[in-house]
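The values are calculated or read from the model by the stated rules, or taken from the named source; none is laboratory data. Fair warning: this is a prediction, and the values are worked out from it, not measured in the lab. Methodologically, a virtual Cβ is constructed for each residue, glycine included, from the backbone with ideal geometry; neighbour enumeration extends over all protein chains shown. We work out accessible area using only protein heavy atoms, side chains counted, and drop any ligands, DNA or RNA first. Shrake-Rupley method; radii C 1.70, N 1.55, O 1.52, S 1.80 Å.
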Amino acid sequence: MRKRWGVLFTGLLLAAPLVAQQPRLDMHLSGLAARASEVNEVSLDGAALKLGMAFLNNDSDMDRVDRELLSKLKGIYVLNYEFDHAPPELNDTTLAPIRQQLQARGWSRIVTSRSSSRRGDETDEVYVYTDAAGQIQGLAVISREPRELSVVNIVGTIKPEELTQLSGHLGIPKVDVKPKGDEQ
Amino acid sequence: MKPTALAALAAVWLCAANTAQASPRLDFNQLVDRVAVALHCRPQHPHLVGMVSFFARLSHPHEARGMHIAIFETHGESNLDAVAGALDAGWTQIIRHDNYRDHEQARIFVRQDGKRFQMLIANLDDDGEAQLVTLEVAPGDLIHELDRHRSQN
């Protein structure tokens, strides 16, 4: 009996890292919310996505969103912080909890876009999560401006170019998806 | 009463009880009481707001139904995060908005009830007034209605 429990326990231990390698990110960034002047969070998953679809279709500012695209998604999670003053801690250390997850097997960065303006440097990074069959099952965007940080996690079958259909809506920042070779 | 009729009646009663469990009804008055406790305040103008709620329920804007409204006058530093603690299981927060600059907060929660959604919107203004609105929407009907409205324009 003890041996059976031991095997079960070992199996659970071995399975834990596999469970952790999911396209769903833990986007909790402790401490940053207290410094922000505005915090926006969107968490649409399961059946609530249908509700999001209704809101998207009510958005006269956009072309009709491909409902087929939304039907393939399992979740849309957005975290957005705005700051009155550029916080000194808005750097890679702050983003370490998210970057560590993106370094796990399955995630790969496909776009890095940097631009400079009067307001300062802006960086957009796009990551995709692919399963063992090479199918994209998740997408992540880190968009950083001197006074704004957005992290987006889309779970489900989505092509990077389809991100443009959603960007600018449901709290997802406008992201210019270019191939990795077009980095500035 | 014959045993078969009694058994049928019992079966109908059991089915009704199960159906009621599958689609939980929203007890708005109970919800208002819980939110009032969570925000340490009392609902304002209950009769006036009740009348507004009544007329709101009669109309079905964009296929939204069962609309209820409550207004609270909060004191001091209130946080709408407390609203989540006042809700039953099954509610999911889909939107959180905190504007510390203008002292405004908003939360939107949803709970699925078959093909319809119960939606709860909580808003807190800079003057300390909080509004609580609940309504039921069917995403399919809502999309259909919006499509119809769009094609007319």
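At a probe radius of 1.4 Å, figure out the A/B buried accessible area, summed over both chains, and give it in Å² to the nearest 100. Provide the component values of the computation, followed by the final result.
Values: alone 11160 and 10170 Å², together 19300 Å².
For chain A against chain B, roughly 2000 Å² becomes buried.
Ordered by residue, what ³J(HN,Hα) values in Hz, to whole numbers, does segment A:168-174 give under the Karplus form 6.51 cos²θ - 1.76 cosθ + 1.60, where θ = phi - 60° and Gly and Pro are x?
With the stated coefficients, segment A:168-174 comes to x, 10, 6, x, 7, x, 6 Hz.
With N set to the residue count of segment A:84-155, report its C-alpha Rg divided by 2.2 N^0.38 Å to two decimal places. Display every interim value, and only then the final one.
Working: Rg = 13.5 Å, N = 72, 2.2 N^0.38 = 11.2 Å.
Normalised Rg, Cα atoms only: 1.21.
Which of the trypsin sites (Lys or Arg not before Pro) across segment A:95-140 are loop residues per DSSP, with 13 or fewer other Cβ within 10 Å?
Working: sites: A:Arg99, A:Arg105, A:Arg109, A:Arg114, A:Arg118, A:Arg119; in loops: A:Arg105, A:Arg118, A:Arg119.
Counting only loop positions with at most 13 other Cβ atoms within 10 Å, the trypsin sites (Lys or Arg not before Pro) in segment A:95-140 are A:Arg105, A:Arg118, A:Arg119.
Roughly to the nearest percent, how much of the accessible area of segment A:80-184 is carbon and sulfur, given a 1.4 Å probe? Don't jump to the answer; show the numbers that get you there.
On the way: 2380 of 5240 Å².
Carbon and sulfur: 45 percent of the exposed surface of segment A:80-184.
Averaged per residue, what accessible area in Å² does segment B:100-140 show with a 1.4 Å probe, protein chains only?
Ligands and nucleic acids excluded, the result is 40 Å² per residue.
List the residues, sorted by chain then number, that are 5 or more residues from A:Val175 or on another chain and whose placed amide H is less than 5 Å from its amide H.
A:Gly168
Tabulate in residue order the Karplus-calculated ³J(HN,Hα) for segment A:22-30, using 6.51 cos²θ - 1.76 cosθ + 1.60 with θ = phi - 60°, rounded to whole Hz; enter x for Gly and Pro.
The phi angles translate into 10, x, 8, 9, 8, 9, 5, 10, 5 Hz.
Could you run the Karplus curve 6.51 cos²θ - 1.76 cosθ + 1.60 with θ = phi - 60° over segment A:37-43 and give me ³J(HN,Hα) per residue in whole Hz, x for Gly and Pro?
For segment A:37-43, the Karplus-derived couplings read 8, 8, 10, 10, 10, 10, 9 Hz, x marking Gly and Pro.
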